[in-house]
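The values are calculated or read from the model by the stated rules, or taken from the named source; none is laboratory data. It should be emphasised that the depicted structure is a prediction, and the values quoted were computed from it without experimental measurement. Cβ placement follows ideal geometry from the backbone for every residue including glycine, while neighbour counts extend to all protein chains displayed.
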Amino acid sequence: MSDALLLTAIAAGTALATGLGALPVIALGSERARAAQGVLSGLAAGVMAVAAIVGLLKPAAEQGSAATVAAAAAAGVVALVLSR
């Protein structure tokens, strides 16, 4: 399988997963979806936090020193806080 075809398949899978993720919100209806927004946002934040730790911080800790990784993570937190 060529690289372009593989990337296209991955992109299509991502698009389908996004659509599937929206189905529960559509099924709830607008009023119930608004009521569940806090829960859904919290769930999404938890998933993203785990993805950041497992996918980014863990490999960074394996490649660099603890002080460098901690400083970079702290700088990222400061950047996020300032961007709000």
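Structure notes:
- Output for region 56-84, where each listed residue is surrounded by 11 or more Cβ atoms within 10 Å (Cβ to Cβ) and in a loop (DSSP other than H, G, I, E, B): G64
- Test: residue in region 37-44 that is modelled with pLDDT under 85 and of a type in the set (V, I, T): no
The rows are residues; the columns are (1) under 17 Å from the mean Cα position of the chain (by Cα); (2) at pLDDT 90 or above.
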residue	(1), (2)
A9	no, yes
G19	yes, no
G29	no, no
T68	no, yes
V77	yes, yes
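- Matching option when the condition is closer than 30 Å to A74 by Cα and aliphatic (A, V, I, L, M), among A49, A11: A49
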